[in-house]
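The values are calculated or read from the model by the stated rules, or taken from the named source; none is laboratory data. Because the structure is predicted, anything quoted here is derived from the model rather than measured. Every residue, glycine among them, receives a Cβ derived from its backbone with ideal geometry; neighbour counts consider all protein chains shown.
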Amino acid sequence: MVISLIGGCIGCGTCVQTCPTDVIRMDSKTEKAVIQYPADCQICHLCRMYCPVDAITISPEKSIPVIVSWG
């Protein structure tokens, strides 16, 4: 698996809102995020970067460096 959630999810939904490929969804029963479509993850790191509690990990073997352009 490329992307995973650890037990620290607080259910804020930030990862769902920031994911450009709609990989992460909110579970209506637990009111926490779940990785619904891991194969569609584009490894953009947005979910991981914006998670306020660092509850998202991206597998190192599949991870690509974060590219940030300035100005």
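Do you know which of the residues in the stretch 7-30 that are in contact with an Asp or Glu (Cβ under 8 Å, 6 or more places away or on another chain) and among the β-branched types (Val, Ile, Thr) is surrounded by the fewest Cβ atoms within 10 Å (Cβ to Cβ)?
Filtering first and then ranking leaves Thr21.
Yes/no per residue for (1) outside any helix (DSSP H, G or I); (2) modelled with pLDDT of 90 or more; (3) touching a helix residue (DSSP H, G or I) at 6+ places or on another chain (Cβ under 8 Å); (4) not β-branched (Val, Ile, Thr):
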| site | (1), (2), (3), (4) |
| --- | --- |
| Met1 | yes, no, yes, yes |
| Gly7 | yes, no, no, yes |
| Ile10 | yes, yes, no, no |
| Val16 | no, yes, no, no |
| Thr21 | yes, yes, yes, no |
| Lys29 | yes, yes, no, yes |
| Ala39 | no, no, no, yes |
| Cys44 | yes, no, no, yes |
| Cys47 | no, yes, yes, yes |
